[in-house]
């Protein structure tokens, strides 16, 4: 199916469903560290939170960064961090440093 064949509402609904599935998947995969996501994909849960908040604000909705992170993490960030976030290894930090030097397209 060609994306152009979808009407705008259907496309938006499909994108929203895919986004919700991604967020649910990340909530389940607490073993996946944000630094690993950043190193492999160039974004993490915090990026999703920032994008979510920005979209809310673009629509005139007030939303704090903490509120957006709670939506993405499924709990307050401090709670998620204390339960699931591991200290980054030297290898992860080195990979992050190298990845952040690369130009983004």
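A compact table of results
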| item | result |
| --- | --- |
| Sequence-separation-based contact order of the chain, relative, with Cα cut under 8 Å and 6+ spacing, percent | 26 percent |
| Candidates 88, 78, 16: whichever shows maximal mean-square fluctuation once the chain is modelled as a Gaussian network with Cα springs under 10 Å | 16 |
| Pairwise FRET efficiency - residue 25 versus residue 57, Cβ, R0 = 30 Å, nearest 0.05 | 0.75 |
| Peptides ranked, highest mean first, by Cβ atoms within 10 Å: ranges 4-10, 53-59, 34-40 | 34-40, 53-59, 4-10 |
| Among 49, 82, 64, residue whose mean-square fluctuation peaks in a GNM of the chain (springs only between Cα atoms under 10 Å) | 82 |
| Segment 42-97, relative contact order in percent, only Cα pairs under 8 angstrom and at least six apart counted | 26 percent |
| Expected 222 nm ellipticity per residue - DSSP helices of 4 or more, -39500 (n - 2.57), all of the chain, to 500 | -21500 deg cm²/dmol |
| FRET efficiency, 1/(1 + (r/R0)^6) with R0 41 Å, evaluated for residue 89 and residue 8 via beta carbons | 0.40 |
| Whole-angstrom gap from segment 58-81 to segment 22-44, using each part's C-alpha centre | 16 Å |
| Acute angle (nearest 10 degrees) that the helix 45-58 long axis makes with the longest principal axis of the chain, alpha-carbon atoms | 40 degrees |
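Bear in mind these aren't lab numbers, they're just calculated from the coordinates by the rules spelled out. None of these values were measured; they are calculated from a predicted model. Neighbour counts run over all protein chains shown; Cβ positions are idealised from the backbone, glycine included.
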